[in-house]
């Protein structure tokens, strides 16, 4: 059997949980940091919570986001040096049109 | 029928018995299968017993050993895996109701490697749903129900590798495989009296394992001795093209330690001194702080005395000051939100058992990318600064957990139950913000991908709850951590204590 990599595996398995006929949901809830300005609109009470949440669950999500914002204050208060890159590296992968790699023992 | 004495033996003891045909792999598998049937539900340890496969693999092992084809120390040894690892044809539930019918038609890399080593899969073991990625609020956050500490069934086995935590010290298998993103091997080892290794990141292939965090997930052995962890690592570690995180130099060689190696049961510090002359950095928590347990403090102090008696030099140290908690949580929750986005958007997230998991995963969808990336930038500095500790110390020593296991019935958010006369936290001085950073061993070392082994170092006087000591080593020096723990276990008996079931 052809082996798949882990990311493909996760995608496959995640998809396995999907059932047909599941209702589509509203856009994701916005955390405080993502919603600096809300345009005037209908009162929130008229909008159903996204992802099939109950009002109580929506309140919990908001509390969760608020708690995270507080915790992240410690993270955001750090001044990161300009030269500090994220600790992962993206490598290009050589494709069909890439020049063939030179063999270590190739001669003239 | 094999005696309980045999079923409680370590891999290092069972291996020679199997090789010399004093016991048969089929008998051994049947012995553990019977215990899984008898005690599995009581302990909440089991997701699925793989009887048919176990007997097939055991018969194959018996045939090979009889024919003189001995594969190595795991040949014929029965084991269980946390139910996040694919095993061909059997349910792989990830501990979560939305995945209760999920099956894969292949074995995860670890299961395949153990098969190649001749080990016998006897069970898929219970776990906290989705390895707790959304943030769970108690022992019951699992499709399989709560897993219980075999030494006191009113208490939780620890998680998220809760099934391996409950099954291993109760001899429901010869060993088990757990996973850790942020404490999920170390915690059940501490709470249930298990010897378990969280390997260096990338050392053990995660192909076929549920992904919670691509950059933090690790799979590792949970056993009845530190030596057994080394033996299992030898079989499961190493590069794998199917897992992009697998380290090219990930292979592990379990080695006989310096000096004449005593036989099992004959270990003696006089002939075997792997800690002699080694300098260990000690992270000493303040056990008067709320949530920390004074008995753990006493057990840890006694364990340090043992390490000194083995020739180690101890020096108190602090970890570099970083916000480990927020960084670790940011990394794995953001990745979990990406991984489980289909679950959330389908509405199936509401089938999860634990309310905190549901709302935690939904909330994680709104993590700003800049915060995630900043965490990854800090991660590089954390890795560099933690690495400097190992220029000075062979290993870092700390309590595995500074508290004892929670009651199964108690939600994590609820106020802890206290012995009579103990003051509530409000009477104590408040913990200054950030004070725990420099003692956050689990958070910091998971961020840096460092290996750690936890072994039992005592049992609480009143409730008989296990306590653990952990040894953290430099990246890819899992062998050093194992060696320290083996030395400790050569002169202590805590890992041999059996629960009364």
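The values are calculated or read from the model by the stated rules, or taken from the named source; none is laboratory data. As the structure is a prediction and not an experimental result, all values here were calculated from the model. Here the Cβ positions follow ideal geometry from the backbone for every residue, glycine too, while neighbour counts run over all protein chains shown.
Within the range B:98-157, how many residues are in a strand (DSSP E or B) and crowded, with 24+ Cβ neighbours inside 10 Å?
The total comes to 10.
Out of the residues in the range A:46-75 that are more than 8 Å from chain B (Cβ to nearest Cβ) and outside any helix (DSSP H, G or I), state the one that is modelled with the highest pLDDT.
Restricting to residues being more than 8 Å from chain B (Cβ to nearest Cβ) and outside any helix (DSSP H, G or I), the top hit is A:54.
Look at the range B:356-409 and say how many of its residues are within 30 Å of residue A:54 (Cα to Cα), away from every other protein chain (no Cβ under 14 Å) and part of a helix (DSSP H, G or I).
0
Got a sec? Which helices (runs of 4 or more DSSP H) wholly within the range B:1-64 have at least 3 residues that are surrounded by 15 or more Cβ atoms within 10 Å (Cβ to Cβ)?
Per the criteria, B:11-19, B:25-43.
Mind telling me which of the residues B:162, B:195, B:200 ends up being within 24 Å of residue B:72 (Cα to Cα), under 10 Å from the mean Cα position of the chain (by Cα), away from chain A (no Cβ under 14 Å) and surrounded by 24 or more Cβ atoms within 10 Å (Cβ to Cβ)?
Step by step, each of B:162, B:195, B:200 is checked, and only B:195 is within 24 Å of residue B:72 (Cα to Cα), under 10 Å from the mean Cα position of the chain (by Cα), away from chain A (no Cβ under 14 Å) and surrounded by 24 or more Cβ atoms within 10 Å (Cβ to Cβ).
Given the conditions (1) touching a helix residue (DSSP H, G or I) at 6+ places or on another chain (Cβ under 8 Å); (2) in contact (Cβ under 8 Å) with a residue 24 or more places away in the chain, which single one is not true for residue B:102?
(2)
If residue A:78 satisfies all but one of (1) at pLDDT below 85; (2) within 14 Å of chain B (Cβ to nearest Cβ); (3) surrounded by 10 or more Cβ atoms within 10 Å (Cβ to Cβ), what's the number of the condition it fails?
Evaluating residue A:78 over (1) at pLDDT below 85; (2) within 14 Å of chain B (Cβ to nearest Cβ); (3) surrounded by 10 or more Cβ atoms within 10 Å (Cβ to Cβ) leaves (1) as the failure.
Scan the range A:31-45 and tell me whether some residue there is modelled with pLDDT under 80, within 12 Å of another protein chain (Cβ to nearest Cβ), assigned to a loop (DSSP other than H, G, I, E, B) and surrounded by 12 or more Cβ atoms within 10 Å (Cβ to Cβ).
Taking every residue of the range A:31-45 in turn, at least one turns out to be modelled with pLDDT under 80, within 12 Å of another protein chain (Cβ to nearest Cβ), assigned to a loop (DSSP other than H, G, I, E, B) and surrounded by 12 or more Cβ atoms within 10 Å (Cβ to Cβ).
For residue B:73, work out the one condition from (1) assigned to a loop (DSSP other than H, G, I, E, B); (2) away from chain A (no Cβ under 14 Å); (3) over 24 Å from residue B:237 (Cα atoms) it doesn't fulfil.
Exception for residue B:73: condition (3).
For the range B:158-198, name all the residues that are closer than 17 Å to residue B:494 by Cβ and assigned to a loop (DSSP other than H, G, I, E, B).
B:158, B:168, B:169, B:170, B:171, B:193, B:194 - these are the residues of the range B:158-198 that are closer than 17 Å to residue B:494 by Cβ and assigned to a loop (DSSP other than H, G, I, E, B).
Applying the selection to the range B:331-354, what residues are at the interface with chain A (Cβ under 7 Å from one of its Cβ atoms), in a helix (DSSP H, G or I) and under 25 Å from the mean Cα position of the chain (by Cα)?
B:339 - this is the single residue of the range B:331-354 that is at the interface with chain A (Cβ under 7 Å from one of its Cβ atoms), in a helix (DSSP H, G or I) and under 25 Å from the mean Cα position of the chain (by Cα).
Conditions tested, residue by residue: (1) within 14 Å of chain A (Cβ to nearest Cβ); (2) surrounded by fewer than 22 Cβ atoms within 10 Å (Cβ to Cβ); (3) at pLDDT 95 or above; (4) closer than 18 Å to residue B:480 by Cα.
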| position | (1), (2), (3), (4) |
| --- | --- |
| B:231 | no, no, yes, yes |
| B:237 | no, no, yes, yes |
| B:245 | yes, yes, no, no |
| B:267 | no, yes, no, no |
| B:291 | no, yes, no, no |
